Every structure is written in structure tokens, then in C-alpha cells.
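Nothing in this text is a laboratory measurement; each read-out follows from the coordinates by a stated rule. If you're wondering where the values come from, they're calculated on a predicted model, not measured in any experiment. Backbone-built Cβ (ideal geometry, glycine too); neighbour counts: all protein chains shown.
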Amino acid sequence: MSKEGKSMTEVTQISAADAVGRIRKTYPVTPDAAVILGSGVNVLEGLQNSIVLSYTDLFGHAPSVAGHSGTLTIGRLGSGAADPLVAVFRGRFHLYEGYSWDMVSLGARTVVEWGVPNLFVTNAAGGLNLEFNVGDLMVLTGYRDHLSPKWKSEGLLPAVMAPATVCANKQTEKLLSVGAKLAAEDSRFRGLRQGVYAGLLGPSYETMAEIDMLRKLQCDAVGMSTVPELLVCETSKTACCAVSVITNVWKPDEVMGGHEEVLEASKAASRRLDLLFRRILVEK
Ligand code: HPA
């Protein structure tokens, strides 16, 4: 059920073309890049000459998950007309909230329809790689799709048998090289991790059997989003890359951190991610 008490199947679906039409009425210029932010991830505050649209006005809905404000901000990184123009989508819709595939992919489809050349996707994820620490940033070099509706009819076995999809492209490489530069320049910038993200349906976190399975499948992190955005962009002109904020690590004998610890780690990770995005957006 949605917040308004409607079942998701009753929800009116807005097309990506409609959403772009609504944006262009308010802001006629196409951005250089777009960013979709996951739960608790906050970057690119204080854009210049910015406008804000609510998801309710844009998509007809607001995300119901805490930590997602449900707004699109469009603005420049600096005060000059030549400074990069960025669109920041704060929040997303999830399958586990009961939304359709069309709805969960609407943000990315809007970015593609708008003609934005680069999309940066972020998410909060659990770390499977035992070398990871809470608060690490992991650049996705591959992903496993265990959530898209195509598995509904076939069962998950083909998804489990399939190899991970590689998602390295020029933007991914740039993220990694800019991250390496920042780490070399500033000891407070923790080096970036890289690895394979597994997208699962949720809504609950994984069982230990699933964690074991995902490790056997050589996944480094697990979450419940991002795969829709990557899939949409694969067949488009928009180059998409993604970063996970590791909010917990699945270690056998360790108790997971409490809410406060996770929030603190996410805030520190967001500050590093902010530096990374600002740098990558200005670097040619
Ligand atoms: N599993 C799935 N999604 C998540 C996790 C996790 O451990 N942590 C943050 N999002």
C-alpha cells in the first residue's frame, strides 16, 4: 500500500517523457550529469542558481523509505555559466515498497529521455567482502541481477547461474582514477573499494545462507536497488556508474553496529563521496 492507502497497482504511472516535459517547463537546460542518491546518502548540497522539484510534482509519488527526501535539485557546481550543471535525485522507488518495475526505473528512464550524458547512482549496501569496513565506498565494476521481474516466471536459478554483468565504462574508470588521486593527496580520503554488487529484492536483509551463497558467487556487496538504473542505461546513450556506501559488513562473529554507528559512518562516507563527485564533475 502507498502512503495514500492505494495499492501500487492503482497508482497512476507517469511516463519518462511526461516527467521530462515537467522538468523542462521549469528548467529548460539539459544537465551535464545526474546523480541518484540512495538511503542516507547525501552529496552536492548548495548547488548554485538551483531549483527544486518534488517527486510528487514530478512523478506523482514520494518515496516512503526514511532517509529519502524525494526531490530533484538542478543547479550548477559554481556560480559561472560554464560550471557543470547537475541534477540530483534525492531518493528512489523500490520493488520492496510494492512499486512496479516501471516505477522503480522511472528516475533512470527520465535521465535517459532528458538526454543527460552521465548518470552516477549511489546506494547503501551491506559488505560481503571481509576486507571491507563500515563507511567504505565501493565502485561497482560488476553487478548481479537477482531482482528484476523477468525471474518471476523462470525462478531465480538462471540468475544464480549467470555470471555477473560487467559495468566498467569510462565513467567507472574515471571514478576509480579520481578516487586514487584524492587518496594520494589527502590521508583523510579513504581509498575506494571496487567490486561486484548483488541486487536482491528484499525487503529484509539476507539470511546467512544467502550471504554464503553471494560470497560463493564472488559478490562484494549486497543491496536492493541500483540494478534497475544500470539495466536502463545499458541500452541508452547515458553512461551509468554506481557507488555503494557500505553501511554494515557481514562478518561471522561480529555484532553489527547500531543505528547511530551506521548513521555516523554514512555521514563520513557521504562527505568523501561529495569530494569525489565534485572532483569528477570538473575534471575533463
Ligand atoms: N543487505 C541489503 N541491503 C542493505 C544492506 C544489507 O546488508 N545494508 C544496507 N542495505
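Of all residues in region 191-212, which are loosely packed, with under 15 Cβ neighbours inside 10 Å and in a helix (DSSP H, G or I)?
If the condition is that a residue be loosely packed, with under 15 Cβ neighbours inside 10 Å and in a helix (DSSP H, G or I), then Met208, Ala209, Asp212 are the ones that fit.
Between residues in region 114-125 that are in a strand (DSSP E or B) and residues that are of a type in the set (D, E, K, R) and more than 16 Å from the ligand (Cβ to nearest atom), which pairs lie under 8 Å by C-beta distance while being six or more apart or on different chains?
That search, which allows pairs on different chains as well, returns Asn118/Asp32.
Within region 65-72, identify whether any single residue is surrounded by fewer than 16 Cβ atoms within 10 Å (Cβ to Cβ), more than 25 Å from Leu137 (Cα to Cα) and without any contact (Cβ under 8 Å) to a residue 60 or more places away in the chain, and answer yes or no.
No: region 65-72 contains no residue that is surrounded by fewer than 16 Cβ atoms within 10 Å (Cβ to Cβ), more than 25 Å from Leu137 (Cα to Cα) and without any contact (Cβ under 8 Å) to a residue 60 or more places away in the chain.
Give the number of residues within region 21-57 that are without any contact (Cβ under 8 Å) to a residue 24 or more places away in the chain, farther than 13 Å from Gly75 by Cβ and touching a strand residue (DSSP E or B) at 6+ places or on another chain (Cβ under 7 Å).
Summing the residues that are without any contact (Cβ under 8 Å) to a residue 24 or more places away in the chain, farther than 13 Å from Gly75 by Cβ and touching a strand residue (DSSP E or B) at 6+ places or on another chain (Cβ under 7 Å) in region 21-57 gives 1.
Every residue in region 20-51 that is under 23 Å from Ala242 (Cα atoms) and hydrophobic (A, V, I, L, M, F, W, C), please. Before the answer, list the steps.
To start, the set of residues in region 20-51 that are under 23 Å from Ala242 (Cα atoms) comprises 20, 30-47.
Val20, Ala33, Ala34, Val35, Ile36, Leu37, Val41, Val43, Leu44, Leu47 - these are the residues of region 20-51 that are under 23 Å from Ala242 (Cα atoms) and hydrophobic (A, V, I, L, M, F, W, C).
Looking only at region 79-103, count every residue that is under 14 Å from the mean Cα position of the chain (by Cα) and away from the ligand (no atom under 15 Å from the Cβ) and tell me the total.
Of the residues in region 79-103, 5 are under 14 Å from the mean Cα position of the chain (by Cα) and away from the ligand (no atom under 15 Å from the Cβ).
Out of Arg271, Arg279, report the one residue that is touching a Leu at 6+ places or on another chain (Cβ under 7 Å), in a helix (DSSP H, G or I), charged (D, E, K, R) and surrounded by fewer than 24 Cβ atoms within 10 Å (Cβ to Cβ). Please lay out each step first, then the result.
Working: Arg271 fails: touching a Leu at 6+ places or on another chain (Cβ under 7 Å).
Residue meeting the stated conditions: Arg279.
Output the number of residues of region 91-113 satisfying the condition of being closer than 26 Å to Lys170 by Cβ, of a type in the set (D, E, K, R) and either in contact with an Asp or Glu (Cβ under 6 Å, 6 or more places away or on another chain) or not in a loop (DSSP other than H, G, I, E, B) (or both).
Qualifying residue count for the region: 2.
If you scan region 235-256, which residues turn out to be within 14 Å of the ligand (Cβ to nearest atom) and touching a helix residue (DSSP H, G or I) at 6+ places or on another chain (Cβ under 6 Å)?
Once the filter is applied, which keeps residues that are within 14 Å of the ligand (Cβ to nearest atom) and touching a helix residue (DSSP H, G or I) at 6+ places or on another chain (Cβ under 6 Å), region 235-256 yields Val245, Thr247, Trp250.
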